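Undergrad: Before anything else, here's the structure in question.
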Amino acid sequence: MKKAFWDRIKRFSGDLSREDDLLVVSHHDADGITACAIMVDLFHKLGKEVDFLVLKQLDSTTIGKIVDADKTIVFTDMGSGQLTLLKENEIEDFYVIDHHPPEEKHERQINPHFYGYDGGRDVSGAGMTYFVAKALGHEENAHIALVGAVGDMQDSEGRLHSLNRIILDDGVTQGTLKVKHDLRLFGRQSRPLNHMLAYASDPFLPGLTGNPENCIAFLQNLGMELTREKGDLKSYVDLTFKERKKLATALYILLLDANVPEFVIQDMVGEVYTLLKEEKGTELRDGKEFATVLNACGRQEQPEIGVEVCLGDRDEYWRTARGILQDHRRMLREGIEYLKGMGTERMRNFDYFDSRGAITENIIGVVAGMAYGARILDPRKPVLAFAEDRDDPSFLKVSARANWSLVRRGIHLGNAMRECSKPFGGDGGGHDIAAGARVPRDRRDEFLRCVDEIFEKQLKN
């Protein structure tokens, strides 16, 4: 880490540690939930009074929930893109710990972009919060910060980079994390082997995804025993190294024969992160699965459950979180099926679809991202997905998704969402590969044309 950046974090952390009676406000995705938990845990250990509030976004509608808070507000994984909003609402007693592109500098803001780091790849919101805690002598939540990074797709190129590796190394040194190169399909820990293949969506496995019978036959043809000695079904982590290598090779050939894009195949194998203190065979044992549990809690409007799980609950809150995850998975399957039937519409430089109430705003972005893996979307184009804004029926929520191939060609979704929402009375922002916006329903088509023009300029540059 650059010395100037670490010095700034230490000064910021010192100022923050002198505050009392605090309210942590964070984002409702896995990164925001882990960031919130790290900060709440830090304040508890510092002997501070602290409450927390997790929001799906900080905008002109939700700002009302904190305007009258008679506390020092600490924003985690949000705030840098809303400094003007805070100023307009006369909120002055606050701190911002964020990794999203900032609107401007502020003495009570810590953000990696000012020091040459990319918040979309180098460090997550949870990572930034971890560094604040580390500067105050508390490094014990490195594993939680890593879950935030994975949930923020910072390992989308197969491994974590830059500042994220400092956090990873801290966790490995502490004995809470293990990292190795392996197959990255969801369910390595918690699902029977055939179910891991049958429910795979990132990537979609032709002939296997959605077909449990074919998955069993596929595995048996590889000579794999599907049950343990006691008769229960094996999971991926029960396989030997030789069996794992054979399975990865077979899946590679399957995808190659189906003409799946090379970047999708390559993403199937990479770093996997094991949380060594968690029970084997549970979702919390694997970084990617842990993040999915937290995303489910946020998307199903119960993010506080995820925060409590991050803070160590393995009883009531953990049981509730697992139930939420099951409901979340069902809704995602229904969303993908709806999109398959409805299809997408096309502008010159991107595809889009309007779910018209059939897919909720809470999961529309996840469905859009999964649709790449399911081969519903053209991987050569970004996608915009529209959902009803439950807080204000006159607005639409927009979720934008891309892939690293598009980002390398110049696409930056966050910039496009920010530039094209404000002229029409909305707001937006985010990262290059994943972003969102909120726009008036009657300005949707103008917004689409604006985004098309912005993408064209980005691709030319």
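Undergrad: Does any residue in region 440-452 that is within 17 Å of residue 382 (Cα to Cα) and touching a residue at least 60 places away in the same chain (Cβ under 8 Å) come within less than 6 Å, Cβ to Cβ, of a residue that is aliphatic (A, V, I, L, M) and part of a helix (DSSP H, G or I) six or more places away or on a different chain, and which pairs are these?
TA: 451/416
Undergrad: Here's something else I'd like to know. If you go through region 395-409 one residue at a time, do you hit one that is under 24 Å from residue 304 (Cβ atoms) and either surrounded by 23 or more Cβ atoms within 10 Å (Cβ to Cβ) or touching a residue at least 24 places away in the same chain (Cβ under 8 Å) (or both)? Please lay out each step first, then the result.
TA: First, pick out the residues of region 395-409 that are under 24 Å from residue 304 (Cβ atoms): 397, 399.
Going one step further and asking which of them are either surrounded by 23 or more Cβ atoms within 10 Å (Cβ to Cβ) or touching a residue at least 24 places away in the same chain (Cβ under 8 Å) (or both), we end up with 397, 399.
Yes, the conditions are met somewhere in region 395-409.
Undergrad: Can I ask one more? For residue 422, only one of the following conditions fails: (1) crowded, with 17+ Cβ neighbours inside 10 Å; (2) closer than 22 Å to residue 103 by Cα; (3) in contact with a Gly (Cβ under 9 Å, 6 or more places away or on another chain); (4) modelled with pLDDT under 95. What is its number?
TA: Failing condition for residue 422: (1).
Undergrad: So residue 136 clears everything in (1) within 30 Å of residue 407 (Cα to Cα); (2) of a type outside the set (Gly, Ala, Ser); (3) in contact with a Ser or Thr (Cβ under 7 Å, 6 or more places away or on another chain) except one condition, right? Which one?
TA: Failing condition for residue 136: (1).
Undergrad: Among the residues of region 337-360, count how many are in a loop (DSSP other than H, G, I, E, B) and either touching a residue at least 40 places away in the same chain (Cβ under 8 Å) or buried (at least 18 other Cβ atoms within 10 Å of the Cβ) (or both).
TA: In the first step, residues of region 337-360 are kept if they are in a loop (DSSP other than H, G, I, E, B); the result is 343-344, 347-350, 355-360.
From what is left, the residues that are either touching a residue at least 40 places away in the same chain (Cβ under 8 Å) or buried (at least 18 other Cβ atoms within 10 Å of the Cβ) (or both) are 344, 347-350, 355, 359-360.
Qualifying residue count for the region: 8.
Undergrad: Turning to a different aspect of this structure: Kindly provide the set of residues from region 370-394 that are of a type outside the set (A, V, I, L, M), surrounded by fewer than 21 Cβ atoms within 10 Å (Cβ to Cβ) and on the phi < 0 side of the Ramachandran plot, ordered by number. Break it down into steps so the answer makes sense when it comes.
TA: Filtering region 370-394 down to residues of a type outside the set (A, V, I, L, M) leaves 372-373, 375, 378-382, 386, 388-394.
Restricting the remaining residues to those that are surrounded by fewer than 21 Cβ atoms within 10 Å (Cβ to Cβ) gives 375, 378-381, 388-394.
The answer is 378, 379, 380, 381, 388, 389, 390, 391, 392, 393, 394.
Undergrad: Further question: Quick check on my filter: what residues within region 286-307 are of a type outside the set (A, V, I, L, M), part of a helix (DSSP H, G or I) and buried (at least 20 other Cβ atoms within 10 Å of the Cβ)?
TA: 287, 288, 289, 290, 292, 295, 297, 298, 299, 303, 306
Undergrad: Can you tell me which residue within region 61-82, out of those that are out of contact with any Gly (no Cβ under 9 Å at 6 or more places or on another chain) and assigned to a loop (DSSP other than H, G, I, E, B), is nearest to residue 427 (Cα to Cα)?
TA: 61
Undergrad: Is it the case that residue 249 is touching a residue at least 12 places away in the same chain (Cβ under 8 Å) and not assigned by TED's automatic domain parsing to the domain that holds residue 50?
TA: Working: touching a residue at least 12 places away in the same chain (Cβ under 8 Å): no; not assigned by TED's automatic domain parsing to the domain that holds residue 50: yes.
It is false that residue 249 is touching a residue at least 12 places away in the same chain (Cβ under 8 Å) and not assigned by TED's automatic domain parsing to the domain that holds residue 50.
The values are calculated or read from the model by the stated rules, or taken from the named source; none is laboratory data. These figures come from a predicted structure and were not determined experimentally. Quick reminder, even Gly has a Cβ in these numbers, built from the backbone with ideal geometry, and neighbours come from all protein chains shown.
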